[in-house]
Amino acid sequence: MELKNSVCVITGVSKGIGLSLAKNMLDKGAVVYGLGRNRPDLQQTNFHFLETNVRSSESVERSVNIILSEQSGIDVLINNAGLGYFGFMEDHTLDQWHEMFETNVNGIFYMSRLIIPGMKRQGSGHIMNIASTAGLEGYPQTSGYCASKFAVKGMSQSMYKELRDFGVKVTCVFPGSVKTDFFRNSAITPHDYMLMPDEVADVMVRCIETSGNFHTVNLEIRPLQPKGPR
């Protein structure tokens, strides 16, 4: 896909991978709508921020309606918003459990269900759902987060098979640990042996830029030496 003049929607744009994606796509001439709870420090003519809570279907619908009132269609949707709480299963609060699923799973559903029909009509588009390597295998003290990301994997596989015949791509991205503030709810301190958000964004954008019949279904990205060289 040619990103120049394309319309791209990114959730969780306030920081981390989402912000890196927005900057990368803007550099390539895309029109970017960034959805999030907090406005990022990003000033560019083609960047439009919409305050959005992806846990709320009403909030998502308001933002999508604004985009569709201003643009003839949406070319790229990146469901990036996500969070995790860590600890033993019995120590999770109900609010923490619900927040993970409402953000990581429901948020993708709320966004995608509104944008898919337009992509089907135009016969093109690319949806990227950011899961995690925690969606590939279970880890201790990560039960809720793993469960939500396994759900993202399953949802993405179904979406891919439903949409491919309409010319719409769906890619599920499985990053390992990334140096962002994702770990604010854990005892882990981000460090330089994690993946860098700019590099993750670059790989994702290159995946979007492939030709129409080239489809990356699953994109797994890990740090080579997550604890540093021995």
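The values are calculated or read from the model by the stated rules, or taken from the named source; none is laboratory data. Everything numeric here is computed off the predicted structure, so don't read it as measured data. Here the Cβ is made from the backbone with ideal geometry for all residues, glycine too, and neighbour counts use every protein chain on show.
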When restricted to PHE47, PHE88, the only residue of a type in the set (Phe, Trp, Tyr), closer than 20 Å to ILE208 by Cβ and free of Cβ contacts under 8 Å to residues at least 60 places away in the same chain is PHE47
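Residue-wise test of (1) more than 29 Å from SER59 (Cα to Cα); (2) modelled with pLDDT under 95.
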{"residue": "GLY118", "(1), (2)": "no, no"}
{"residue": "GLN122", "(1), (2)": "no, no"}
{"residue": "LYS149", "(1), (2)": "no, no"}
{"residue": "ASP165", "(1), (2)": "yes, no"}
{"residue": "SER177", "(1), (2)": "yes, yes"}
{"residue": "THR180", "(1), (2)": "no, yes"}
{"residue": "PHE183", "(1), (2)": "no, yes"}
{"residue": "MET204", "(1), (2)": "no, no"}
{"residue": "ARG230", "(1), (2)": "yes, yes"}
If you go through LYS153, LYS169, the only one that is closer than 25 Å to LEU19 by Cβ, charged (D, E, K, R) and in a helix (DSSP H, G or I) is LYS153
Those residues of the stretch 142-175 which are over 19 Å from CYS207 (Cα atoms), among the polar types (S, T, N, Q) and in contact (Cβ under 8 Å) with a residue 24 or more places away in the chain amount to THR142, SER143, SER148
